[in-house]
Amino acid sequence: MNHWLAKSEPETYSWSQLVQDGQTAWTGVRNFQARINLRAMKVGDQVLFYHSGETKDIVGIAKVVKAAYPDPTAKEGDWVCVDLAAVKPLPNPVILATVKADKALKDMVLVNNSRLSVQPVTKAQFDHVLKLAAG
DNA sequence: GCCAACGTTGGC
DNA sequence: GCCAACGTTGGC
């Protein structure tokens, strides 16, 4: 199983929206690097849900419920999306400053390339974030 | 509100 | 095919 981090501005699509919807099509990704990651996603992979902008924190865990398929919102170009479902919120959201300050997470893509909207996360990083979130 | 980082576009 | 200019994103 692989682990990922998906980024969204709360104003655009928030974690609470995902919880309310149960699951959603993760559309609108128009970035080559992110597309590679989308295509590598398998059903059952776990995804950290990160809010950029106001709060800048990892707030919940989602999972892939449908692997990459053509993005219906793409007018042109070979873009894909996946379906994500909410799994559970983190007991304590992990803010970006905490991630940055933690040596175990210094290689996270979130730290080094925060603009990438779909990022790979190692199992060690994933587990560490969960540990931080547990308090 | 500013600026750094990154991606994309367009002229050559 | 290179690179400058520009637009966008996101952290501060």
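The values are calculated or read from the model by the stated rules, or taken from the named source; none is laboratory data. Computed from a predicted model, the values in this text were never measured in an experiment. Reconstructed Cβ throughout: ideal geometry from the backbone, glycine too, with neighbour counts over all protein chains shown.
Would you check if A:Gly44 is away from DNA strand B (no atom under 14 Å from the Cβ), at positive phi and of a type outside the set (Asp, Glu)?
Answer is yes for this residue.
Output the number of the condition that A:Ala74 fails; it satisfies all remaining conditions of (1) modelled with pLDDT of 95 or more; (2) over 17 Å from A:Val121 (Cβ atoms).
Against the list (1) modelled with pLDDT of 95 or more; (2) over 17 Å from A:Val121 (Cβ atoms), A:Ala74 comes up short only on (1).
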